[in-house]
Amino acid sequence: MPKQPVRPANIFQAPAPAQRTAPSPAVAAQLALQQALAAHQQGQLAQAEPIYRHVLTLQPRHPDALHYFGVLLLQTGRTQAGAETIQQAINANPNQPAPHLNLGNALALLGRHADALASYDRALRLEPRYADAHSNRAAALRELGRAEDAVASADRAIALQPGLAEAHCNRANALRDLSRLPEAVANYDQALSLAPQYADAQMNRGIALARLNRHEQAKAAFEQVISLVPAYAEAHSNLGVVLQEMGRLDDALQAFRQALTLRPDHAEALCSMGVVYQEMGQLDPALESLRQALAIKPGFLGAHSNLLFTLSYDTRCSPADYLAEARRFGQAVSAGVTPFTAWPHSPTQGRVEADDAPPRRPLRVGWVSGDLRHHPVGFFLESILSQLDPARLELVAYPTQVNEDDLTARLKPRFKAWQPIAGMSDAQAAQRIHGDGIDVLIDLAGHTAHNRLPVFAWKPAPVQLSWLGYLASTGVPGMDYLLADPVSVPPTHETHFTEAIWRLPETVNCFTPPRVTEALAVRQTPALASGCITFGSFQSVVKITDAMLSLWARILSAMPQSRLRLQNKQLAQDSVRTQLMARLAQAGIDAGRVELAGPVAGREAYLATHGHVDIILDTFPYNGITTTCEALWMGVPTVTLAGHTLLSRQGASLLSGAGLADWVASDEASYIALAVRHGSDIPALAALRQGLREQVTASPLFDAVRFAEAFTLALEGMASKA
């Protein structure tokens, strides 16, 4: 992301020429200064520099020469020296506003935003109507997390000078931080109407459009920036991000490569490239890119989260290796943080009371998530939230991003308060949550997109819990518990986590059934018509490892008439299809027995495609979760293998909760045997399919009333121990 636009003072207003008629050092200095300024104005910085130095040998405390030379040093990348030189100009003459403005700009470049703000304020005390100072002050306020104040400062600049494009851009940046994205876009548009070649305004406009999921417009904005400044590495990187979000993975990789050609140490481009490689199933280059990003920028928490998430797919990463990396993340996220040690009130829910005691207040439960929308997290939450008793649990949502949809609209009424923290700093978000008196704070993201794990390092609530959105340890020291069940985390696996394990009695998941339509009626198993079994997988390419393909090849070999159907969004990419077909061939799977299908439009259409499949073959170590629940509801059972991590035991947990424990294998041989045994009995499979929706709907996996009571008791139990 580009830096805040700041506007330098107009430094090229030369003082009036001296009227002396006889040569003197002062006259010589003045004449030389005019020459330096002329060269500076024309962009001839190399020519101007020695002349400025000559002026300062004649008059070392010449305030204008010191000021202009300091600006030149800033322009040539010598920021510290520039700041020191401008400070000398101010020491020589503290009564001119422009040097204070440019000192503020220098301090902002050095990351000293509080000092920059003080410099802008000094400029404004000397000249209260100094529009540039108000505008740059807005930039500093935004960097300090004071977005509302930044908007007010930019408003003052615009009132004084409506044509100041930088002020409109700074206002837009602050609005973007406040998640007022449509207003931000309007302000960027205003800035660009005043300065059509304003690359940073166009860049920031693209970022806002991307956050609004207006991807085509965001792409066009970044392409416009590149046309203006072809060597702008950040623009190529941002273009790559939006191309990835559009599903154009090959084009995204090319954009990241271009960014890295321009700037090999671009950590953000390396991180984003790693994410694309991961999505394409190329784990080795993904891990290499993410580790390079961390080597360049050791405190890059986003890259560290993506590294941990990617390690979840890597069969070579042992639980001990993962935990060591998670602990390193915990150390990084805790650096410079002073956690809360006292809270507005102590949780009291769940403690034993005398019969005549006054009723306890509800437990205040905060939910931190960027996925309160059409997303697996949202799909699981919808039925659960509807069954939680508001007399026992008072719910407060802390959305971490701004996009909403019809599922968001259905979820919102379940919360007592809806408090977005998108755009807030971690410290600000933690202060908000702490001030709200939250008793139990739930993280629903872990190391996935839109996570705010650094907020949990501040310990804004006395009890903090990781659940649902991530299936491994977060590594965050302030995370007290991880919610599990007896199948997903047996006692021998508790050492895999920095969190304490709190188990629900039956299942840790409860899925919301989709709304029934005619298109979603359970169809008969396709093998009845075709005479052969079609095995299927709806998992992303990264979950389909070479070891997985080898096992599937053995199943297909044991059932020569069977077929394999693979469907995921990555298969829309020709390069991914080509690579997967090559891997299938290497595993010994005949391409003529395989159907590759890309994404379909809408969830209902996706669910309907289960009509093409008889049995789902689960992946491991990363099991299906939402896909398994959706398949069960559509009447399609899954063969899974119970592994040695929380992630690789999700299939076992889900099937056990659905009453299908006999579809859970304990090792690779039994996984193959189960697939062959169930696939060889088409009449039994057909009978199971016709009754499976009714069976799972009545099971703990879909019983929201039953789950809500167990969940509430768990939160009350945690609170009672705080």
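The values are calculated or read from the model by the stated rules, or taken from the named source; none is laboratory data. Everything numeric here is computed off the predicted structure, so don't read it as measured data. Cβ atoms come from the backbone with ideal geometry, glycine included; neighbour counts cover every protein chain shown.
Looking at A159, is it surrounded by fewer than 22 Cβ atoms within 10 Å (Cβ to Cβ) and under 22 Å from E148 (Cβ atoms)? In short, yes. Note on the stretch 700-722: residues that are under 22 Å from L441 (Cβ atoms) and of a type outside the set (G, A, S) amount to 9.
Figure legend. Inter-residue proximity from the stretch 78-100: first residues at pLDDT 95 or above, second residues surrounded by fewer than 20 Cβ atoms within 10 Å (Cβ to Cβ) and of a type in the set (A, V, I, L, M, F, W, C), beta-carbon distance below 6 Å, spacing 6+ or different chains. Indicated pairs: T79/L109; T79/L110; P97/L126. Scanning the stretch 170-184 for residues that are touching a Lys or Arg at 6+ places or on another chain (Cβ under 9 Å) and surrounded by 24 or more Cβ atoms within 10 Å (Cβ to Cβ) yields a count of 6. Among the residues of the stretch 305-312, none qualifies, meaning not one is modelled with pLDDT of 95 or more and surrounded by fewer than 16 Cβ atoms within 10 Å (Cβ to Cβ).
Count of the stretch 460-481 residues, restricted to those that are more than 26 Å from G435 (Cβ to Cβ) and either outside the structural domain of V396 (by TED's automatic domain parsing) or out of contact with any Leu (no Cβ under 7 Å at 6 or more places or on another chain) (or both), is 2. Selection of the stretch 29-39 for residues being in contact (Cβ under 8 Å) with a residue 24 or more places away in the chain and either over 18 Å from G82 (Cβ atoms) or surrounded by fewer than 19 Cβ atoms within 10 Å (Cβ to Cβ) (or both) yields A29, A32. Only helices (runs of 4 or more DSSP H) whose full extent lies in the stretch 614-722 are considered here, and the ones with at least 1 residues that are at pLDDT 95 or above and under 23 Å from D546 (Cβ atoms) are 626-633, 650-657, 668-679. Looking only at the stretch 5-19, decide whether some residue is touching a His at 6+ places or on another chain (Cβ under 6 Å) and modelled with pLDDT of 50 or more. No, the stretch 5-19 contains no residue that is touching a His at 6+ places or on another chain (Cβ under 6 Å) and modelled with pLDDT of 50 or more. Checked against the criterion of being in a loop (DSSP other than H, G, I, E, B) and buried (at least 21 other Cβ atoms within 10 Å of the Cβ), the candidates L556, L465, L564, L471 yield just one match: L471. Residues considered: R125, R205, R156. Of these, the only one that is under 23 Å from the mean Cα position of the chain (by Cα), in a helix (DSSP H, G or I) and basic (K, R) is R205. If the condition is being over 13 Å from E279 (Cβ atoms) and buried (at least 23 other Cβ atoms within 10 Å of the Cβ), then the stretch 238-262 contributes N238, L239, V242, A255, A259.
So which residues in the stretch 648-668 are hydrophobic (A, V, I, L, M, F, W, C), crowded, with 20+ Cβ neighbours inside 10 Å and closer than 19 Å to R503 by Cβ? Listed by number, the residues that qualify are A652, L654, L655, A658, V664.
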